[in-house]
1. What full-extension length gain, to one decimal in nm, is calculated for Asn70 and Leu18 as 0.36 nm per residue of separation minus the Cα-Cα distance?
2. Mind checking the full-extension length gain between Met131 and Ala248? Use 0.36 nm per residue of separation minus the Cα-Cα distance, one decimal, nm.
3. Before I look further, what does the range 122-162 give for accessible area per residue, probe 1.4 Å, in whole square angstrom?
4. For labels at Glu46 and Asn217 in the simple 7 Å Cα→Cβ model, what's the distance in nm?
5. Could you give me the ³J(HN,Hα) list for the range 52-57, computed from phi with Karplus coefficients 6.51, -1.76, 1.60 and θ = phi - 60°, whole Hz, x at Gly and Pro?
6. Quote to one decimal, in nm, the extra length available between Val124 and Asp105 on full extension: 0.36 nm per residue of separation minus the C-alpha distance between them.
7. Suppose all protein chains stay in the model; what accessible area per residue would a 1.4 Å probe give for the range 20-63, in Å²?
8. Using square roots of five times the C-alpha gyration tensor eigenvalues, list the equivalent-ellipsoid semi-axes of the range 116-155 in whole Å, biggest first.
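The values are calculated or read from the model by the stated rules, or taken from the named source; none is laboratory data. Remember, it's a predicted structure, so these values are computed and weren't measured experimentally. Neighbour counts are summed over all protein chains in view; Cβ atoms, including those assigned to glycine, are modelled from backbone coordinates with ideal geometry. Accessible surface is based on the protein model in full, side chains and every heavy atom, while ligands, DNA and RNA are left aside. Shrake-Rupley method; radii C 1.70, N 1.55, O 1.52, S 1.80 Å.
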Amino acid sequence: MSFFKKLKGELIDIIEFLDNTQHTIVYRFERYNNEIKNNAKLVVREGQIAVFLNEGQIADTFTPGTYTLNTQNLPILSTLQGWKYGFNSPFKAEVYFVSTKNFIDQKWGTKNAITLSDDRFGMVEVRAFGMYSFKVTDAPRFIREIVGTNQSFTTTHISEQLKSIIVTRFSDATGEINLPIEKYAANLNELSDAIFTYIHDDFSAYGMEVTKFLIENVSMPEEVKKEIFELSRLDKIDLDKLARLKAAKAIETAAANPSGTAGAGVGLGAGIAMAQQMMQGAGQSPQAAPAAQPAPAPQAPPPCHRRRSSTWPWRANRQALSAKSN
């Protein structure tokens, strides 16, 4: 092999991009004056698409594979540059490598609280956060709509814009589904699916696709959270047993009253009245105690009637004395 052939082989232009950052979405291949040699080798790896631009206009695209660049596989670029009989080295073009892999574990969250209207608690401020994944599905559109002339474009450049889209759609979705606020924690999957549908078209407009969306938590003010906890406990409590328990405690407190028997009696009456009110609040109507009947007055024994005998001794003596005096 001659020296010149060896030198020519070593000077073959190879266009490729190896990403070791794991967050680069688009990288512009740099050459002096954007000059690319005739028959240069283009290497597009799995998870990449190469896009050629001519004076800012998108021309040819290449999917994964190895290519020798010439007029046969650069038809649009050849047309744009007017190469009727082939082109001489070098030719000018910008080459962008676009990553089509999934960019996972992207964080989102509400910077400020979102105000929601709830039927039970009125206007409530909530915050939410979670994660999402996305990938580029239309490389030319993504370059045209998002990248522009940046040499390198990473997830950091677009994260704030995507977060704004997600938060806006989160506010719209939560307002339209009209879900009671105490049910948010139990319906995070359903809420995630609803917002996933909402943001699909927004991502598609930029040549992207959201592949996963999750809401990890929805938080609310502590006073609202406390009320929700109390209501949930009441739903699980047997109100009849609760009323009896409180009545028993009221009676115990009244019995410990140091004011004596009279005070204990008053406390006992108050405790019973309290128990009746609680039972009525629990949906039970207490049975009315039978009215006390007055005790019957004692009756005098009937008078004893005896027939007086005319033969009693004193009557006979009286008659005898009367006759003697005559």
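1. So the chain would gain 16.4 nm between Asn70 and Leu18.
2. Stretched fully, the Met131-Ala248 segment lengthens by 36.9 nm.
3. 46
4. Label at Glu46, label at Asn217, 3.8 nm between them.
5. Result, rounded to whole Hz: 9, 10, 10, 6, x, 9.
6. 3.9 nm
7. Ligands and nucleic acids excluded, the result is 53 Å² per residue.
8. Equivalent-ellipsoid dimensions as semi-axes: 40, 11, 11 Å.
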